[in-house]
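The values are calculated or read from the model by the stated rules, or taken from the named source; none is laboratory data. All values reported here derive from a predicted model rather than from experimental measurement. No Cβ is skipped: glycine too gets one built from the backbone with ideal geometry, and neighbour counts run over all protein chains shown.
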Amino acid sequence: PQNLPLKGKQVIVSAGPTLERIDPVRYLSNFSSGKMGYAMAEAARDLGAAVTLVHGPVALPDPSGMTVIAIESAEQMLEAILSRYDAADYVIKAAAVADYRPKQAAQQKVKKQQGDTQMELERTPDILATLGAQKTHQLLIGFAAETNDVETYALDKLARKNADYIIANDVSKTDRGFGADQNIVTLYGHDFVQHFPSTSKRALAMQLLETIIAQSGVAK
Ligand code: PMT
């Protein structure tokens, strides 16, 4: 039917932060609430898709009518998505994935020492770039959270990570981005750009998906 353009399509959405363990009681993470990713997942469901939501630790209830997979780390998020990637038609990466993790998570609680300390960090896998490198038929939609030079970095991510669209948000302000109920974004495609003024994340998610579907056609 006309109002269910994603009927028969498989959509994977990632949402929320990742959590990278330092020791049994400490971790590195970020302020992503999961709201933007959950809104994207719900919009895809409402457009008829079979949705898998892969999320890091958030305080939101599981949305109905989709498969929900809770993970903790960037590594686990990569595994959960990669194992379902072949069957996917769309992948939407709204998660705020940690870029670094402690090089070695301690098995026991790290004791405090006299004076300052340092922690060695290593890069986590870049999930979006990995998906971009392995892309066959999937439409790959990333986000870009920036505090400055939003357009430059968004276009760089579009090209470098082999994404089809990047949804860029300015996260230097408190009325949008991390934690807020509304967002202000710019959608960048290859030879396509559209600005979306301040809107609730729920309404925005629907507008973004409808725009992407209208632009790219429904994936075969
Ligand atoms: O969760 P909310 O509180 O609602 O906030 C929403 C949001 C601000 C988190 C969301 O709108 C957003 O911008 N998500 C992406 C945040 C981010 O990590 O941006 P980035 O510019 O660091 O990463 C770019 C893209 O690469 C993202 O699609 C990210 O999921 C992906 N990435 C990043 C690092 C990594 N190791 N693997 C990745 O896949």
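Got at least one residue in the range 25-40 being of a type in the set (A, V, I, L, M), within 9 Å of Val13 (Cβ to Cβ) and free of Cβ contacts under 8 Å to residues at least 60 places away in the same chain?
The answer is no, given that none of the residues of the range 25-40 is of a type in the set (A, V, I, L, M), within 9 Å of Val13 (Cβ to Cβ) and free of Cβ contacts under 8 Å to residues at least 60 places away in the same chain.
Suppose the filter is part of a helix (DSSP H, G or I), modelled with pLDDT of 95 or more and more than 10 Å from the ligand (Cβ to nearest atom); does Arg45 pass it? Yes. In the set (1) more than 9 Å from the ligand (Cβ to nearest atom); (2) part of a loop (DSSP other than H, G, I, E, B); (3) within 18 Å of the chain's Cα centre (by Cα); (4) touching a residue at least 24 places away in the same chain (Cβ under 8 Å), the condition left unmet by Asp62 is number (4). Only one of (1) under 23 Å from Phe31 (Cβ atoms); (2) surrounded by 13 or more Cβ atoms within 10 Å (Cβ to Cβ) fails for Leu158. Which number is that? Leu158 satisfies all of (1) under 23 Å from Phe31 (Cβ atoms); (2) surrounded by 13 or more Cβ atoms within 10 Å (Cβ to Cβ) except (1). The residue of the range 167-189 that is nearest to Asn148 (Cα to Cα), among those that are acidic (Asp, Glu) and either within 7 Å of the ligand (Cβ to nearest atom) or in a loop (DSSP other than H, G, I, E, B) (or both), is Asp175. The criterion of at least 2 residues that are in contact (Cβ under 8 Å) with a residue 12 or more places away in the chain and of a type in the set (A, V, I, L, M) is met by the following strands (runs of 3 or more DSSP E) wholly inside the range 68-149: 90-93, 139-146. Picking from residues in the range 1-42 that are among the aliphatic types (A, V, I, L, M) and in a loop (DSSP other than H, G, I, E, B), the one that is nearest to the ligand (Cβ to nearest atom) is Leu19. Residues of the range 132-139 include none that is among the small types (Gly, Ala, Ser) and either at positive phi or modelled with pLDDT under 95 (or both).
Can you tell me which residue among Ala154, Ala145, Ala159 is within 12 Å of the ligand (Cβ to nearest atom), out of contact with any Gly (no Cβ under 7 Å at 6 or more places or on another chain) and either modelled with pLDDT of 95 or more or not polar (S, T, N, Q) (or both)? So that I can check it myself, show each step before the final result.
Values: Ala145 fails: out of contact with any Gly (no Cβ under 7 Å at 6 or more places or on another chain); Ala159 fails: within 12 Å of the ligand (Cβ to nearest atom).
Only one candidate qualifies: Ala154.
Considering the range 130-140, and only residues there that are more than 8 Å from the ligand (Cβ to nearest atom), closer than 12 Å to Tyr90 by Cβ and among the hydrophobic types (A, V, I, L, M, F, W, C), the residue that is farthest from the chain's Cα centre (by Cα) turns out to be Leu139.
For the range 55-73: of the residues being out of contact with any Gly (no Cβ under 9 Å at 6 or more places or on another chain) and of a type in the set (A, V, I, L, M, F, W, C), which is surrounded by the most Cβ atoms within 10 Å (Cβ to Cβ)? Going through the qualifying residues, I end up with Met66.
Please verify whether the range 117-140 includes one or more residues that are among the basic types (Lys, Arg) and over 30 Å from Ser216 (Cβ atoms). Checked the range 117-140: at least one residue is among the basic types (Lys, Arg) and over 30 Å from Ser216 (Cβ atoms). In the range 164-181, the residues that are within 14 Å of Gly142 (Cα to Cα) and at pLDDT 85 or above reach residues that are acidic (Asp, Glu) and within 7 Å of the ligand (Cβ to nearest atom) with C-beta atoms within less than 9 angstrom, at least six apart or across chains, in these pairs: Ala168/Glu146; Asn169/Glu146.
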